[in-house]
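Accompanying notes for the structure given below.
The values are calculated or read from the model by the stated rules, or taken from the named source; none is laboratory data. Everything numeric in this text was worked out from a predicted model, so none of it was measured. We place every Cβ from the backbone using ideal geometry, glycine too, and count neighbours over all the protein chains shown. Only protein heavy atoms, including side chains, enter the accessible area calculation; ligands, DNA and RNA are left aside. Shrake-Rupley method; radii C 1.70, N 1.55, O 1.52, S 1.80 Å.
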Amino acid sequence: MGIVLGVVNQKGGVGKTTTSVNIAAGLGALGRKVLIIDFDPQGNATTGFGVKKRTLENTTYEVIMGESRPQEAIIPTKYKNVKIMPATNQLCEAELQLAEVEQRNHQLRKVILQVRDDYDIIIVDCLPSLGILAINALVACDRIIVPMVCEPFALEGLAQLMQTVKKVKRAANKDLQLMGIVFTMLDKRLLASNEIMRDIKRTFPSDVIFKTEIPRNVRITEAQSHGEPIIYYDKNSKGGDAYKRLSKEINEKCREMEKNNG
Ligand SMILES: Nc1ncnc2c1ncn2[C@@H]1O[C@H](COP(=O)(O)OP(=O)(O)OP(=O)(O)O)[C@@H](O)[C@H]1O
Ligand SMILES: [Mg+2]
């Protein structure tokens, strides 16, 4: 049964999609069968994998609303071992429509159950909010990965997220855990970011902070505008190297989980 990883942070623009796309590609390159679920109406993960939205018949929206089966929405990407359930702006409507549905927070979990055996790792790229869609992701995940930019209020946002995780854990998903915090768009020349990073490292145990730090690197943005993961666009760039190392770290953590689950 595949491991479900949610890439979560209610703060916008912290590198959730960049991380989701690049670890999906990285884990695929390491030989893992990966599904990435675009769970954000912005559909950036879909674009990040070079998928043209206009041609899509079924997306995460139809699947989450029970109008199509997950298998009907999932499509291959051009990249090794990676499939995607794409999203478009229509997913916005799900946030409202789900409010009327019984078991509204469990819809993604039910969807994933139908395809979990087909993959080693399922990555959910979340939207920047803690609304119904984000809660669905937390209910569906085994572990969360939290990309963080070391900016003022980063720690406050993280505390709020961890409160929500605690609530979801108690109410609906007792196995939910933080896999790790990953520092993204890091510029170590900035004194303020170093201080914020130190605060976060003081607050969280070292085993939930990824050793790999993702530097600010323009090649990453370029890769995205070409609809390519960085390890395929420019594997020797600083960003490509960092995401390769992060993928290895995540792969090791997944191997440990698999060992413990027998
Ligand atoms: N390491 C990096 N170096 C330079 N630019 C980056 C890096 N990581 C992400 N970016 C850029 O920062 C912007 C935000 O990144 P991204 O879309 O991954 O964030 P997000 O958390 O998914 O945003 P949202 O909350 O809107 O979903 C993008 O334009 C992306 O290209
Ligand atoms: Mg995003």
Restricting attention to segment 16-46, the residues that are more than 10 Å from ligand 2 (Cβ to nearest atom), outside any loop (DSSP other than H, G, I, E, B) and open to solvent by 20 Å² or more (accessible area, probe 1.4 Å) number exactly 1
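In segment 1-52, what residues are of a type in the set (Lys, Arg) and over 21 Å from Val111 (Cα atoms)?
Taking segment 1-52 as the starting set, the residues that turn out to be of a type in the set (Lys, Arg) are 11, 16, 32-33, 52.
If the condition is that a residue be of a type in the set (Lys, Arg) and over 21 Å from Val111 (Cα atoms), then Lys11, Lys16, Lys52 are the ones that fit.
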Test each condition in (1) over 28 Å from Phe153 (Cβ atoms); (2) modelled with pLDDT of 95 or more; (3) not aromatic (Phe, Trp, Tyr) for Gly262 and report the one that comes out false. (2)
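Each row is one residue, and each column tells you yes or no for (1) in contact with a strand residue (DSSP E or B) (Cβ under 8 Å, 6 or more places away or on another chain); (2) aliphatic (A, V, I, L, M).
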residue	(1), (2)
Leu130	no, yes
Ala140	yes, yes
Val146	yes, yes
Leu158	yes, yes
Val168	no, yes
Lys174	no, no
Expected output for segment 117-146 (first residue small (Gly, Ala, Ser), partner within 16 Å of ligand 1 (Cβ to nearest atom) and open to solvent by less than 30 Å² (accessible area, probe 1.4 Å), Cβ below 6 Å, 6+ apart or cross-chain) is Ala134/Cys126; Ala137/Gly6; Ala137/Phe39; Ala137/Val124; Ala137/Cys126
Every pair of residues 6+ apart whose Cβ atoms lie under 7 Å, when the first sits in segment 20-41 and is touching a residue at least 60 places away in the same chain (Cβ under 8 Å) and away from ligand 1 (no atom under 13 Å from the Cβ) while the second is open to solvent by 10 Å² or more (accessible area, probe 1.4 Å) and among the aliphatic types (A, V, I, L, M): Ala25/Ile231; Gly26/Ile231; Ala29/Ile231; Leu35/Ile74
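Residues that are open to solvent by 70 Å² or more (accessible area, probe 1.4 Å): which helices (runs of 4 or more DSSP H) entirely in segment 51-153 hold 2 or more of them?
Values: elements: 60-64, 70-73, 91-98, 107-113, 132-140.
Per the criteria, 70-73, 91-98, 107-113.
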Within segment 207-220, track down each residue that is within 12 Å of ligand 1 (Cβ to nearest atom) and in contact with a Gly (Cβ under 9 Å, 6 or more places away or on another chain). Ile214, Pro215, Arg216, Asn217, Val218, Arg219, Ile220
Is it fair to say Leu190 is farther than 30 Å from Arg109 by Cα, in contact with a strand residue (DSSP E or B) (Cβ under 7 Å, 6 or more places away or on another chain) and free of Cβ contacts under 8 Å to residues at least 60 places away in the same chain? no
Looking only at residues in segment 160-205 that are assigned to a helix (DSSP H, G or I) and touching a Pro at 6+ places or on another chain (Cβ under 9 Å), which one is surrounded by the fewest Cβ atoms within 10 Å (Cβ to Cβ)? Ala192
